[in-house]
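To start, the structure under review is shown below, and the notes come after it.
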Amino acid sequence: MSVLVEKLTKVYHTQKALDEVSFEAQKGTITGFLGPNGAGKSTTMKIATGYISATSGTVLVNGIDVSKEPLKVKRLTGYLPEHNPLYLDMYVKQYLDFVAGAYGLKNTRARIDEMISLCGLEREQSKKIRALSKGYRQRVGLAQSLIHDPDVLILDEPTSGLDPNQLVEIREVIKSASQEKTVILSTHIMQEVEALCDKVVIIDKGKIVADDNVQALKKDRKEAVVFSVEFEEEIDTNLFAKEGLEIELSQNNTYSIKGEGDPRKVIMKVAGEHSLPLVNISKNEQSLETVFQELTKEK
């Protein structure tokens, strides 16, 4: 079970929303699909689930071409769109029964009860969807995406509107589901990506700019190394600037110092030559958020 996207292109009038996008998501993994607003994430997901067509390129879900057999792909796919479309005047259990019927499921009562338990909807199951908070509406959306036990799960901002406790619970649901499914997850929450995702695909302006696991993305960046350096007292920053280092005050007597390669030798040299009272020096680890910003910033 996998999702294979090959040279996917989508053009709206004169705007190219997707420009030969290619990546793969495998069974048993969670692929984080990241990008700024308007980068093409939702467009890619809509094409992959058969809701809109591509201008060119292909998406294969378990080897099935979405453009040729969209209904078959929809049976294999669970989809939670960014703007969770729910029938607000339906009750929770009524809505899930409706979705189960659309998929032609049998013994729906047991499956509905299972989804209500899995997604933490027990207290809300007898309410109208209109009466639910945004967080609980997201849970209903997740339940409908899982109810037919799909091979592939495509989730666009699934944790939007959830409080911290709900976040933990829904993460566990997604993690559990990923053991037997192919999961593609779009989110703006970098901590979520690091907590959940096995690999990350980053899209910017309709093009893929990164495709790797989280640790490799953080290690492979070639930017200058940054150290946090604490002194006993305020120092003359020009002493470091003369050595080609970038330096700025981050808090009381603690400076952020950036240099190519490993600047620690230069830092120690300057501190020794000028008798600067050095208290502590530590490397600032590259965060996924920093990598994301570097890859998607305006050039």
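Structure data summary
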item: Cβ crowding within 10 Å averaged over residues, with 78-91, 46-59 ranked highest first; result: 46-59, 78-91
item: Prolate/oblate/rounded call for segment 119-170, Cα gyration tensor, a/c under 1.5 rounded; result: oblate
item: Proximal aspartates and glutamates to Lys134, defined as alpha-carbon separation beneath 14 angstrom and excluding residues fewer than eight positions away on the same chain; result: Glu82, Glu124, Glu157, Asp163
item: Translational D in µm²/s for segment 45-99 (Stokes-Einstein at 20 °C, 1.002 mPa s, Kirkwood Rh from C-alpha pairs); result: 169 µm²/s
item: Neighbour-count order for Val66, Val61, fewest beta carbons within 10 angstrom listed first; result: Val66, Val61
item: Rel. contact order, % - alpha carbon contacts under 8 angstrom, at least six apart, the chain; result: 21 percent
item: Diffusion constant of segment 75-116 at 37 °C, which comes from Stokes-Einstein with the Kirkwood Cα-pair radius and 0.692 mPa s, µm²/s; result: 291 µm²/s
item: Within segment 2-219, percent of DSSP bridges classed antiparallel, to nearest 5; result: 55 percent
item: For segment 1-108, radius of gyration divided by Kirkwood radius, i.e. Rg to Rh on alpha-carbons; result: 1.01
item: Least to most buried among Phe23, Phe240 (fewest other Cβ within 10 Å first); result: Phe23, Phe240
item: Flagged links, alpha-carbon separation over 22 Å, of Lys72/Lys199; Lys7/Lys199; Lys41/Lys181; Lys10/Lys46; Lys205/Lys297; Lys175/Lys283; result: Lys72/Lys199; Lys175/Lys283
item: Karplus-derived 3J(HN,Hα), 6.51/-1.76/1.60, for each residue of segment 181-198, Hz, glycine and proline x; result: 10, 8, 10, 10, 10, 9, 7, 9, 8, 5, 4, 5, 4, 5, 7, 10, 8, 7
item: Cross-link reach list, aspartates and glutamates versus Lys207, counting only Cα pairs under 13 Å and skipping chain neighbours closer than eight places; result: Glu6, Asp19, Glu20
item: Zero-based 5 Å bins, Cα pair distances in segment 222-296, whole percents; result: 3, 16, 28, 26, 13, 8, 5, 1, 0
item: Helical mean residue ellipticity (222 nm; -39500 (n - 2.57) per DSSP H run of 4+; nearest 500) of the chain; result: -9500 deg cm²/dmol
item: Computed over the chain, Kirkwood Rh from alpha-carbon pairs, angstrom; result: 21.7 Å
item: Packing-based exposure ordering (other Cβ within 10 Å, fewest first) of His13, His274; result: His13, His274
item: Segments 210-216, 200-206, 233-239 sorted - mean Cβ within 10 Å per residue, highest first; result: 200-206, 210-216, 233-239
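Taken together, the values in this text are just the output of simple stated rules run on the coordinates, not laboratory data. In this text, all values refer to a predicted model and were calculated from it rather than measured experimentally. Because the Cβ atoms are built from the backbone with ideal geometry, glycine has one as well, and the counts that use them run over all protein chains shown.
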